[in-house]
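What follows is a set of notes on a single structure, which appears directly below.
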Amino acid sequence: MLTIEGAAGQGASAFISSDNGDMLTFGNRGLTGYVAGSPAESISSMACGENVIVVGSYNSRNTFPVLQGTIMGFDEQAYPVDGVSSFTSYGTTFSGKKLPELCAPGMTVISSVSTPWVKATGPSSGDLSAKVDRSGLSGAMKASRTDYWGQMQGTSMATPYVSGVVALLLEQDPTLTVDRVRDLLVSTAQAMPADTEPVALKWGAGRLDAENAMRKLLGMPSSIGDVTADTERRFSMEQSDGCIVAGIAGEAGLRATLTSIAGQSAGTAKGSGGTVTIATSGMAPGVYVLTVEGNSGAMISRKVVVR
């Protein structure tokens, strides 16, 4: 056991670490007067630099398929869906900064697995979730390398998830600095309920919201180009069976109209929050012109095909 003694009113903290990477924590064996310890202040030293974005993990799912044809999973009470992952470290830097800054999916994430590792270790079908099926191929395609996928959990999965979102943001604006990217992610994260202070600290700003981060970026005034170019940059559109969802980031309200090639009105809709949904179900198949206008006067048109 470890005992720390001192004068009344003083406090002390003890930390334990491992040279070989094992995760260690203090326990109390049920003995009265001894503190069991917690993962508090366990944040990695790698996360304490200034030019990094520190990411925790939440349980986006707790089940996963395996090649055996069954569904495997983890205890729902230990890893509840949408709960912060128990293995996420948290702490405060010497400058008072609370970490992590936000959380991303990191539990039972299906990702690619090293083919050489599979060949070297021979994992069972219960350890892998998918592989390339080349049974119907021939020649060079049949002889090609087989790729594999499996599940893994950890902040090591949440971090590359965020890296992909950061890449999308940089694709839109290559001039973004790490501080601006951090602000985009943290300011648009979804705040999550927390029943205790440790859980709140683990969540940071909350759950990553890639769409909100992108919309906030697109709603920022463009540093180059004219007003038309800025509207193009802020415009988004998704089409599915029965409707079209269009948006101009940064607009408080939108009005959308659908017009046939002959100039006849086919439908109108209004929306708020930078998006508007216009129904296409029941319309005759053909080419239409979608026009979206914002409260600020920004306007953009697109040809759409209704099938």
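The values are calculated or read from the model by the stated rules, or taken from the named source; none is laboratory data. Nothing here was measured: the structure is a model prediction, and the numbers come from that model. Quick reminder, even Gly has a Cβ in these numbers, built from the backbone with ideal geometry, and neighbours come from all protein chains shown. Ligands, DNA and RNA are excluded from the accessible area calculation, which covers all protein heavy atoms including side chains. Shrake-Rupley method; radii C 1.70, N 1.55, O 1.52, S 1.80 Å.
Being out of contact with any Asp or Glu (no Cβ under 6 Å at 6 or more places or on another chain), over 30 Å from Thr188 (Cα atoms) and aliphatic (A, V, I, L, M) narrows it down to one residue among Leu169, Leu137; which is it?
After applying the criteria, what remains is Leu137.
Over 22 Å from Gly253 (Cβ atoms) and either touching a strand residue (DSSP E or B) at 6+ places or on another chain (Cβ under 7 Å) or open to solvent by less than 10 Å² (accessible area, probe 1.4 Å) (or both): does that describe Lys303?
On the way: over 22 Å from Gly253 (Cβ atoms): yes; either touching a strand residue (DSSP E or B) at 6+ places or on another chain (Cβ under 7 Å) or open to solvent by less than 10 Å² (accessible area, probe 1.4 Å) (or both): yes.
So Lys303 fits the description; yes.
Pick from region 125-141 the residues that are in contact (Cβ under 8 Å) with a residue 24 or more places away in the chain and open to solvent by less than 60 Å² (accessible area, probe 1.4 Å): which of them is nearest to Thr63 (Cα to Cα)? Walk me through how you get there before you give the answer.
Start the filter on region 125-141 by keeping residues that are in contact (Cβ under 8 Å) with a residue 24 or more places away in the chain, which leaves 125-131.
Keeping just the survivors that are open to solvent by less than 60 Å² (accessible area, probe 1.4 Å) gives 125-126, 128-130.
On the way: Ser125: 16, Gly126: 13, Leu128: 13, Ser129: 11, Ala130: 14 Å.
Taking the candidates together, the pick is Ser129.
With region 1-84 as the region, which strands (runs of 3 or more DSSP E) entirely inside it contain at least 3 residues that are in contact (Cβ under 8 Å) with a residue 60 or more places away in the chain, under 30 Å from Arg182 (Cβ atoms) and touching a helix residue (DSSP H, G or I) at 6+ places or on another chain (Cβ under 7 Å)? Quick ask: steps written out before the conclusion?
Details: elements: 55-58, 63-65, 71-73.
Because the criterion is at least 3 residues that are in contact (Cβ under 8 Å) with a residue 60 or more places away in the chain, under 30 Å from Arg182 (Cβ atoms) and touching a helix residue (DSSP H, G or I) at 6+ places or on another chain (Cβ under 7 Å), the strands (runs of 3 or more DSSP E) in region 1-84 that meet it are 55-58.
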| said: Can you go through Gly150, Gly154 and tell me which one is in contact with a Leu (Cβ under 7 Å, 6 or more places away or on another chain), more than 15 Å from Glu211 (Cα to Cα) and open to solvent by less than 60 Å² (accessible area, probe 1.4 Å)? | reply: Gly150
| query | Does Glu232 meet the test of being in a helix (DSSP H, G or I), more than 17 Å from Thr88 (Cα to Cα), within 18 Å of the chain's Cα centre (by Cα) and at pLDDT below 95? | reply | no
| remark: When Gly91 is run through (1) open to solvent by less than 30 Å² (accessible area, probe 1.4 Å); (2) in contact with a Phe, Trp or Tyr (Cβ under 8 Å, 6 or more places away or on another chain); (3) not in a loop (DSSP other than H, G, I, E, B); (4) not basic (Lys, Arg), the failure sits at (2)
| said: Which count do you get for residues in region 113-171 that are over 28 Å from Val84 (Cβ atoms) and among the hydrophobic types (A, V, I, L, M, F, W, C)? | reply: 8
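Return the only residue of Val109, Val84, Val55 being under 18 Å from the mean Cα position of the chain (by Cα), open to solvent by less than 60 Å² (accessible area, probe 1.4 Å) and over 16 Å from Met152 (Cβ atoms).
Numbers: Val109 fails: over 16 Å from Met152 (Cβ atoms); Val55 fails: over 16 Å from Met152 (Cβ atoms).
Within the list Val109, Val84, Val55, the selection yields Val84.
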| Among Thr257, Thr268, Thr275, which is the only one that is under 19 Å from Met214 (Cβ atoms), within 35 Å of the chain's Cα centre (by Cα), hydroxyl-bearing (Ser, Thr, Tyr) and surrounded by 13 or more Cβ atoms within 10 Å (Cβ to Cβ)? | Thr275
